[in-house]
Amino acid sequence: MTFNLHAATRRELLIASGTLFAWAYLPKVARAEGRDPRLLVIVLRGALDGLAAVAPVGDPDWLALRGDKALALDGKPPALPLDSFFALNPAMPNLHRLYKSGAATIVHATATPYRERSHFDGQDVLESGLAKPGAADTGWLNRALASLQPGDRAGSRDAFAIGPIAPLVVRGPAPVLSWTPRRLPPTGDDTVMRLMELYHHTDPILARVLEERMGLATIARAGGMDGEQPQAAGAGQVRAYFAESAGTAAKFLARADGPRIGALAFDGWDTHAAEGAMSGRLAILLGALDGAIAAIETEMKDAWRETVVAIVTEFGRTARINGTDGTDHGTATVALIAGGALKGDRVVADWPGLKLAKLHDGRDLKPTTDLRAVLKGLLKDHLRVDDAVLATKVFPDSAAVKPMTGLLQQA
Amino acid sequence: MALDPKAQAALALYRFGLGPRAGSIAGIASDPRGALLAELDGAGAGRIGNADLLTSGTAARVAFAFQQAQRAARQAERAAQQAAAPSGGASLPQMNDQSAPPPAPVPVRNPGPGMPQQIYLAEAKARIQAALGAEVGFLERLVWFWSNHFCVSADKGNVRQICGAYEREVIRANVLGRFSDMLLAAESHPAMLIYLDNARSIGPDSIAGLRQKRGLNENLAREILELHTLGVRTVYTQEDVTRFANVITGWTFVPFRQDPVRGGEFEFNPRMHQPGAQTVIGRSYPDAGMQQGRDVLAALARHPATAKHVAAKLARHFVADEPPPALVERLAKRFLATQGDLKEVTKALVAAPEAWEAPRAKLKRPGEWVVGMLRAAGITPPDIGPVMQAHNLLGEPLWRPSAPKGFADESAPWLDGLAQRLDIANQFARRVGAEADPREVFEQALAPLASSETRQAVLRAESRPQALALLFMAPEFQRR
C-alpha cells in the first residue's frame, strides 16, 4: 500500500480540503487477459423511485396505480419505450440511446437484503455489502478490489472517489484517492424545503428570515428553475455538478495509468412531496443523471468499450403516490447499468406485478431480484473477482445469492 | 418550568456553555449547576497552558523586528535593482557561494502570512482548542463575554500580533477575579492603548504637549465611561470625558527603537501626562502621575452605574435580550456587595432561578454555533482556516469587531446570517458526514431539547450529511 492518503489522515483531508471522489487502482489479474476493465459505481442517495424512472407501461394496473402521475407512451412528454413492457423516463434520452445500442441494461424490481425504511441504514447495507445494517467502515467495492491479487503487469492501483465524502462503498483496506470538484454540490432545494417545513412548525421567526433570505419563490419554482438564483440550487447547477463530477471521474478512469475503480454519490432523490417525475424535481435529477452518463461516455473515449457504470440506490419508494404528490420510502427499485462492455438492450426483471396482493407490505414494489446478484455478476465477469471471495468477503454470507450471468459481452 | 434532568443538563450546556459533546449531557445530568460551578474552581481556570504562545511584549517585538527586516529587504532589493539595471551585471557580494551566479532579483510574490498574522492564527487556534476541549465551556463563554466587553480589534495598527495575548493577559487572568483588576489591566494594555488611540494622546500642558502640536485624544476615556464601566447616557458629561482623558495621558507603551528589550510594553510616560488635579464625576483627583488614573478607574469600578451596566450586559448575553429585571438587580447587588468579585457575580448568575426559567429564545452567536457544531460532531479540525472563514462569513470575525462596542449580544443582528449558516452547515455536514452518525449526534447533543418535528426531520433526512445539516440548523440547536 504505497499510497495511503486516506488512512490516518482521512479526517484531516476532509476538513482541510473539502474532498473529493475516491478511486482505487485495479490490480493486474483482470488485465492479464489483455483486458483493462473499468468500473464506476454511482450511489443515488435518498432512494430513487424506480417506477418513475423505468415505468411498467405494459402492466394493466400501472395507470390505475399512479393516475396522472404515471409515465405513459402517449404521455406529455411521452415515455421512451425500452421493450414491449417497460419505458424509460423521457428525461433520459442518452440512457435510452445507449440502451438501444446495447450499451445499457436495466434491472427492475431489485433490492438489497434490507427491508426496513431508514435511509442511513439502507445506504449502509447498499454500500457495505453486509446483509444487515450495523457498524460498517468498509464497502464492497473496496473489498472486491483488495481481494484481487497484485497482477503481473504493473503494480496495484488505488480506488478513486468523487463527492463531498468518499462514499462508504469505496472505503476500506485498498488505498483510496480522492478528488475535490471545483464546485461544491449546491445546497439542495430539498434541504431548504425540509428546513422551511421544520421552521414553519417550530420557529416562525427563523421561518420568516429563511424565507426572505432564500427567496421562497425560488423554492416554489423547483420544477422549472432557470438556474439564476445563486443560493437555492437550480436545474443548471445540478446538471453542471453531476456532469462535472461524473466526467472528471471518467477522465481519471480513462487514463492509461489511471485508476480503474471509482465511486461517487449524488444526493436529492428522497421525493416525498411534489416528486415531479415528468417535469419537476425528479425529472431534473434524472436529466442531470442522464447528462452525467453522457459525460462519462464522452470522457472515457476508447475505454468506454471496457467500461461498466452501475447506478444504484438504497431502496425504492411506495408504489402509490402519497397525499403530497410524492412517494414515501419503499422497497424494490431499479438499478441502471451502462457501459460499452455490457450485453445490453434488455430489462432484467422477474416482474412481481402491481396488484395490491402483489405489493410488498401492501405498499411497495416487491423485490424479486437481489441487487447483490447483479453486483456480484458484474464483479465476477467484469473484474474477475472469485466466486468464493464474492460470497464471503465482498458480500458476506451471500453464498445463496448466485452471481447474475450474461450481463457482459464476454463472460 | 420543571425540566427533566437531561433537559436541564442540556440547557446548562447550551445557555451557559459551548454545547454538548458526546457524553456531556449524561455526564452532568445529576447536577448541572454544580457542573457549571465546578468549571470555576478548576486549577488555572480560564488560563491557556500553551508555552508556545508569546507574551504581548514579545509578540510586539517579534512583529516589529519582522517588519523592520521586511522593510530592509525591500530597500535592499530596490537598491540591487537600481545597481543592476544600468550595468547589466551584478556587483552584490555573495554571502555563501562566490561561484554561484547572482540570483535574478525576482520579487517575492505571496510569501505567506506575515509574522503578525502567524501569531494571530496561533492565538486563534489556541482559543478554538480551548473551546473544543472544555467540559462545559462556561468559563470559555465568560472569557468570550468579557473579551467582547473589553474588545480590541486586530484590524487596527499593530494590534493583530497582540490581540490574542491581550485576551490571555487581561481577560483570562482576571475572568474570575475583580472587575477593577480586569479594568485596569485592559485600559493599561498596549492593545487597548493602540486600539483606542490613547498611546498617542498627549496632555496639552505636558512637556511633550508644549513642544509639539499633537495633543489630547478622548477616544479611550469616552469608551471607558460609555462602554466599559458606567454605560452610555448615565452619570457623566462631556467635561468628565475630557478631564478623564487628561488623567490618562501618558498611558502608552515603550517605543521599540528606544528600548529593544522593553519595546512594546506598557509604560507611564510622565512627559506626556497632563499636569494638575482633575475632577471626574464630582470627585477631584490630585495629580499623582499614573496613580491618578488608577484612582479614577477604581472609583468607576465601584460605581453603582457600572454594577448595573455590567449586570444587565451579563444577563442579556447569557439569558435574554430583554433580561428579567429581577435578575439584573440580583447581579448588580452581588457586584456591589463583593466589590466587583466576578466569581461571586458569576455564581449569582448560575444560582438565579430567572437564569434557568427564561425561554431559550436567544440565537447562538456565530462563534458559539460553529464551535457547537464541532463539539457535537466530535471533530477537532487540524487546520482552523475553515473555522476562521466561517466566523468571517457569519459576521463575527475573531477579535475583529467593527466598533469598540464589540459584537452584539442581542439576537436580531445575527438572524441576517441564517442563510450563510445553512451554507456552512451544509458544507460542514458534507465534510464530516462519513465520520459522524447523525442519530448519535442527535442523541448526544440535542435529544433532550428537541421537538418531535426536529427529531423527525433529522432522522428522516435522505442522507447523513443532510441529517447533520438539518440538526445544526434546527431551532433547538441554534437557540439557547
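Name the single residue, out of those in the range B:374-389 being of a type in the set (A, V, I, L, M) and within 12 Å of another protein chain (Cβ to nearest Cβ), that is farthest from the chain's Cα centre (by Cα).
For the range B:374-389, the residue satisfying everything is B:ALA377.
Is it fair to say B:ALA22 is touching a residue at least 60 places away in the same chain (Cβ under 8 Å), more than 27 Å from B:GLU167 (Cα to Cα) and either touching a His at 6+ places or on another chain (Cβ under 9 Å) or assigned to a loop (DSSP other than H, G, I, E, B) (or both)?
Criteria met by B:ALA22.
Residues of the range B:29-74 being polar (S, T, N, Q), free of Cβ contacts under 8 Å to residues at least 60 places away in the same chain and not in a helix (DSSP H, G or I), which ones?
B:SER30
Looking at B:LEU398, is it assigned to a loop (DSSP other than H, G, I, E, B) and more than 9 Å from chain A (Cβ to nearest Cβ)?
It is true that B:LEU398 is assigned to a loop (DSSP other than H, G, I, E, B) and more than 9 Å from chain A (Cβ to nearest Cβ).
Exactly one condition in (1) surrounded by fewer than 23 Cβ atoms within 10 Å (Cβ to Cβ); (2) within 10 Å of chain A (Cβ to nearest Cβ); (3) within 21 Å of B:ALA26 (Cβ to Cβ) is not met by B:ALA447; state its number.
Status for B:ALA447: all satisfied but (2).
For B:LYS347, work out the one condition from (1) part of a helix (DSSP H, G or I); (2) buried (at least 19 other Cβ atoms within 10 Å of the Cβ); (3) in contact with a helix residue (DSSP H, G or I) (Cβ under 7 Å, 6 or more places away or on another chain) it doesn't fulfil.
Against the list (1) part of a helix (DSSP H, G or I); (2) buried (at least 19 other Cβ atoms within 10 Å of the Cβ); (3) in contact with a helix residue (DSSP H, G or I) (Cβ under 7 Å, 6 or more places away or on another chain), B:LYS347 comes up short only on (2).
Any idea how many residues of the range A:138-170 are under 19 Å from the mean Cα position of the chain (by Cα), modelled with pLDDT under 80 and more than 12 Å from every other protein chain (Cβ to nearest Cβ)?
3
Determine whether B:ARG360 is in contact with a strand residue (DSSP E or B) (Cβ under 9 Å, 6 or more places away or on another chain) and either of a type in the set (Lys, Arg) or in a helix (DSSP H, G or I) (or both).
Spelling it out, B:ARG360 is indeed in contact with a strand residue (DSSP E or B) (Cβ under 9 Å, 6 or more places away or on another chain) and either of a type in the set (Lys, Arg) or in a helix (DSSP H, G or I) (or both).
Which of the numbered conditions does A:LYS343 fail, given that it passes all the others? Conditions: (1) surrounded by 20 or more Cβ atoms within 10 Å (Cβ to Cβ); (2) farther than 16 Å from A:LEU88 by Cα.
(1)
Whether any residue in the range B:300-308 is surrounded by fewer than 17 Cβ atoms within 10 Å (Cβ to Cβ) and in contact with a helix residue (DSSP H, G or I) (Cβ under 7 Å, 6 or more places away or on another chain) is what I want to check.
Yes, that holds for at least one residue.
Please pick out the residue among A:ASP290, A:ASP302 that is acidic (Asp, Glu), more than 14 Å from chain B (Cβ to nearest Cβ), surrounded by fewer than 20 Cβ atoms within 10 Å (Cβ to Cβ) and in contact with a helix residue (DSSP H, G or I) (Cβ under 9 Å, 6 or more places away or on another chain).
Step by step, each of A:ASP290, A:ASP302 is checked, and only A:ASP302 is acidic (Asp, Glu), more than 14 Å from chain B (Cβ to nearest Cβ), surrounded by fewer than 20 Cβ atoms within 10 Å (Cβ to Cβ) and in contact with a helix residue (DSSP H, G or I) (Cβ under 9 Å, 6 or more places away or on another chain).
From the list A:THR218, A:THR202, A:THR191, which residue is at the interface with chain B (Cβ under 8 Å from one of its Cβ atoms) and either within 19 Å of A:ASP267 (Cα to Cα) or at pLDDT below 90 (or both)?
Matching residue, one of A:THR218, A:THR202, A:THR191: A:THR191.
Taking the condition within 23 Å of B:GLN389 (Cα to Cα) and at pLDDT below 95, does B:LYS125 pass?
Taking the combined requirement at face value, the residue does not satisfy it.
Considering (1) surrounded by 22 or more Cβ atoms within 10 Å (Cβ to Cβ); (2) more than 7 Å from every other protein chain (Cβ to nearest Cβ); (3) part of a helix (DSSP H, G or I), say which one B:ASN392 fails and leave the rest.
For B:ASN392, the failing item is (1).
Would you check which residues across the range B:155-190 are within 25 Å of B:ARG316 (Cβ to Cβ) and among the small types (Gly, Ala, Ser) and list them?
Selection gives B:ALA173, B:GLY177, B:SER180, B:ALA185, B:ALA186.
For the range B:336-343, state whether one or more residues are part of a loop (DSSP other than H, G, I, E, B), in contact (Cβ under 8 Å) with a residue 40 or more places away in the chain, surrounded by fewer than 19 Cβ atoms within 10 Å (Cβ to Cβ) and of a type outside the set (Phe, Trp, Tyr).
The answer is yes; a qualifying residue exists.
So which residues in the range B:452-475 are more than 7 Å from every other protein chain (Cβ to nearest Cβ) and surrounded by fewer than 22 Cβ atoms within 10 Å (Cβ to Cβ), if there are any at all?
B:SER452, B:ARG455, B:GLN456, B:LEU459, B:ARG460
Working only within the range A:248-278, note down all residues that are modelled with pLDDT under 90, surrounded by fewer than 24 Cβ atoms within 10 Å (Cβ to Cβ) and closer than 18 Å to A:ASN89 by Cα.
A:ALA274
With a cut-off of at least 3 residues that are over 25 Å from A:PRO78 (Cα atoms), name the strands (runs of 3 or more DSSP E) lying wholly within the range A:275-389.
Of the strands (runs of 3 or more DSSP E) lying wholly inside the range A:275-389, those with at least 3 residues that are over 25 Å from A:PRO78 (Cα atoms) span A:307-313.
Restricted to the range B:118-160, and to residues that are in a loop (DSSP other than H, G, I, E, B) and within 14 Å of the chain's Cα centre (by Cα), which residue is surrounded by the most Cβ atoms within 10 Å (Cβ to Cβ)?
Looking at the filtered set, the residue picked out is B:VAL152.
Report, by residue number, each residue of the range B:405-434 that is part of a loop (DSSP other than H, G, I, E, B), facing another protein chain (nearest Cβ under 7 Å) and in contact with a helix residue (DSSP H, G or I) (Cβ under 6 Å, 6 or more places away or on another chain).
B:GLY433
Please tell me if A:PRO173 is surrounded by fewer than 23 Cβ atoms within 10 Å (Cβ to Cβ), modelled with pLDDT of 80 or more, over 21 Å from the mean Cα position of the chain (by Cα) and under 21 Å from B:ALA434 (Cβ atoms).
It is true that A:PRO173 is surrounded by fewer than 23 Cβ atoms within 10 Å (Cβ to Cβ), modelled with pLDDT of 80 or more, over 21 Å from the mean Cα position of the chain (by Cα) and under 21 Å from B:ALA434 (Cβ atoms).
Table: residues versus (1) farther than 22 Å from A:ALA332 by Cα; (2) surrounded by 22 or more Cβ atoms within 10 Å (Cβ to Cβ).
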residue: A:LEU371; (1), (2): no, yes
residue: A:LYS376; (1), (2): no, yes
residue: A:ALA388; (1), (2): yes, no
residue: A:THR392; (1), (2): yes, no
residue: A:SER398; (1), (2): no, yes
residue: A:LYS402; (1), (2): no, no
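Do any helices (runs of 4 or more DSSP H) entirely within the range A:55-130 hold 3 or more residues that are modelled with pLDDT of 95 or more and in contact with a helix residue (DSSP H, G or I) (Cβ under 7 Å, 6 or more places away or on another chain), and if so, which?
A:93-100
The values are calculated or read from the model by the stated rules, or taken from the named source; none is laboratory data. These numbers come from a predicted model, not from an experiment. Here the Cβ is made from the backbone with ideal geometry for all residues, glycine too, and neighbour counts use every protein chain on show.
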